1. For region 426-458, how many residues meet the condition of being at pLDDT below 95 and aromatic (Phe, Trp, Tyr)?
2. Scan region 406-430 for residues that are under 22 Å from the mean Cα position of the chain (by Cα) and either under 18 Å from residue 352 (Cβ atoms) or not aliphatic (A, V, I, L, M) (or both) and report the count.
3. Output the residue which, of all residues in region 96-117 that are out of contact with any Phe, Trp or Tyr (no Cβ under 9 Å at 6 or more places or on another chain), of a type outside the set (Phe, Trp, Tyr) and outside any loop (DSSP other than H, G, I, E, B), is surrounded by the most Cβ atoms within 10 Å (Cβ to Cβ).
4. I'd like to verify a number: residues in region 397-433 that are assigned to a helix (DSSP H, G or I), within 11 Å of the ligand (Cβ to nearest atom) and in contact with a strand residue (DSSP E or B) (Cβ under 8 Å, 6 or more places away or on another chain), how many?
5. Could you please find all residues in region 302-312 being touching a strand residue (DSSP E or B) at 6+ places or on another chain (Cβ under 9 Å) and part of a loop (DSSP other than H, G, I, E, B)?
6. Anything in region 434-443 that is more than 16 Å from the ligand (Cβ to nearest atom), surrounded by 15 or more Cβ atoms within 10 Å (Cβ to Cβ) and either within 23 Å of the chain's Cα centre (by Cα) or among the basic types (Lys, Arg) (or both)? List them, or say none.
7. Report every pair of residues separated by at least 6 positions or lying on different chains whose Cβ atoms are under 7 Å apart, first residue within region 337-353 and within 16 Å of residue 365 (Cβ to Cβ) and free of Cβ contacts under 8 Å to residues at least 40 places away in the same chain, second surrounded by fewer than 17 Cβ atoms within 10 Å (Cβ to Cβ) and among the basic types (Lys, Arg).
8. Of the conditions (1) surrounded by 19 or more Cβ atoms within 10 Å (Cβ to Cβ); (2) out of contact with any Phe, Trp or Tyr (no Cβ under 8 Å at 6 or more places or on another chain); (3) of a type in the set (Gly, Ala, Ser), residue 475 clears all except one; give me its number.
Amino acid sequence: MVIQMIGEKVICRALEHCGVERAIAVIGYPITELGETLVEKFDGEWAVNEKTAFEIGLGNSVSGLRSCVVVKHVGMNVLSDPLITSTIHTIGHGLVVLAGDDPGGIGSQNEQDSRYYGLLADVPVFDPNPETLFDSIVEAYRISEATKCPSIVRLTERLLRAECSHKGGRELQPPEGYDRNIWEYSVHERHMKFIRERYQIMIDFSENTHLNVVKGNYNEENNGKVGIISTGYASQVVDSVVDEDVVHVKLSVVNPLPLSKISYVENLDRVLVVEETSPFVERQLSTKFLGRRSGHIQNTLVDENEIRLALDKLDMERVEWREVKSKEERGNVCMSCPFIPLFKALRRVDVPVAGDVGCIYLTTHEPWKSVDVAFVLGSAIGVACGFEKGVAVIGDFGFMHSGVQSLVHAVSHSRDLVVVIMLNRVAGISGRQPFREAEYVVDIAKTICKDTTLLQASSTTEEELFQIISSKIEGGGVSVIVLEGSCPETSSPYQ
Ligand code: SF4
C-alpha cells in the first residue's frame, strides 16, 4: 500500500522502521522543527554544538544503538572532524546524519552543499526526492551498518514540506556491531582495508540500488536526444517539466557517484545536470555535461522555469549569467527586542565590531549597522582577537557553541578586546527554544575573565552601554559584559 505524508513525517516513520533509538540535534534552519519532533520521539537531546552531537552518535553506535544526528548544513563543518576520522576508525550500529541544506539561503549565512562531505569523508550520501525519502533513510542505515561508516542524508525545506509517498522499506538485519579488533591495524593499514573492502561495498551499492533510476525512452540508437541527470528534490521538478522523450537519470544516492547510471546519457548529444545548491555531480563529470558551469542552471533553488529556460538554450555551449540585483527583503530584529540599546550603542563605537550568527546577524545592515563582520556561529571573539583593538558581540548560544575557546585565547594572549554576550536563554532567531546551557554562561565567563560584568538590558540605556564599552576599550585588556534580557513572548525576528 502506498502511503502519502509530508517529508518530515516520512522521516519519522522511516526512523521507527529502522529501530532508531536516539536522536541528537542542533537547532537551525531548516531542520529545527524536524529536530524538535525527533528529539521528543527518539529519546533525544539537543547538543551544544554539532561536533558534540555527532560524537554522542558515535558513542551510541559503538555501544549498540542506532541513532541519528540532525544538523543544518553549516553544522556539517563543525562535525566534520570526527565524521572524517570515523570512516577508517569504523563504527557499530547504524549512524545517519540528517543534514538540512538551505538552497536559496533563506535562513542561513551561506548556501553550502553538504554532499561534499561525502567526498571528503568517503561516506555514502543520499540526496532523496519525495518518492525515495523513506527508502533513502532505511538504506542509509543498511549501508552504514554494512560498511561500518556513518551515512549522510541531505534534506531541504522543500523536501521536508513535500507530499511524499512510501510503501515501507526493507527490514534491517541485526548489525554485527562494533569490533574493537580494528586496533590490530595501524592507521595506514585501516585506510588500505577501507579502500579495498568497505569502499567497494559502497560503490556496488550505489551502482545497483533501486534508488537510482533511469526514466524515459532510452535505447541504443537514440543519439541526438536530450538527457537530464538530476538529484534530490530537483528530480521531482524535472519530472514535472519533461516528457518521455527525455532520458532522465534520477539519482538519490550521489556518493559514490553511480557511473553505470550516468552511462545511459553520456552518449546523447546534449545532457543537462539539474541539482540544488552546487554542481556536486556535475563537477565529477566532463565539461560536455551542461548545467551550473555552463550557465544553463543559474539559480541555486531550482524551479520549473529555470529548467525550461535551460532546455530552451540547450543548443548553446554557454549561457550568459543573469545580473544579481539587490532587491530581496532582509530580515530585521524584533521591534520589542531588549537589546536594541546595545545595537544602537555598537553603531557608535569607533573600533571594529565582530558580530556572530543569531539575532545580532540581523544588525549588519540599515537601520542598525551595528556590526562590521559576522562569519559563523561562535566566531565573533576569535575574529575580534585578530583586531588590534575591538568589540565582539555574541549570543549565549554562540558563546557556548564554540566561542568560549576564543575567550580563553583572548585572555591568555592579552588581547585588547571587549566581549558582549547577549544572555536571553533562548535560541532567539530559531523560534525562542529554551537554551539550557545558558545557565553556565556567567560563571564560565567569570572563570576565564576576571573583568566580567553582568548588566540588565531592561535597565541599561544606549548611552550607558556606549560609555561602558568605550571606557573598557580605552582601558585595554580583555573584559566581558554579559547583558541579560528576555525576548518578549510575542516577538519574532524577520517580522
Ligand atoms: S528573538 Fe529576542 S534577541 Fe532576537 S531579535 Fe527578537 S527579541 Fe531580540
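1. So the count comes out to 1.
2. Residues flagged as under 22 Å from the mean Cα position of the chain (by Cα) and either under 18 Å from residue 352 (Cβ atoms) or not aliphatic (A, V, I, L, M) (or both) within region 406-430 amount to 2.
3. In this case the residue turns out to be 101.
4. 2
5. Matches in region 302-312: 302 only.
6. Selection gives 437 alone.
7. Every condition considered, the pairs that remain are 347/369.
8. (1)
The values are calculated or read from the model by the stated rules, or taken from the named source; none is laboratory data. Since the structure is predicted, the reported quantities are computational estimates derived from the model, not experimental observations. Note that we place each Cβ from the backbone using ideal geometry, even for glycine, and neighbour counts take in every protein chain shown.
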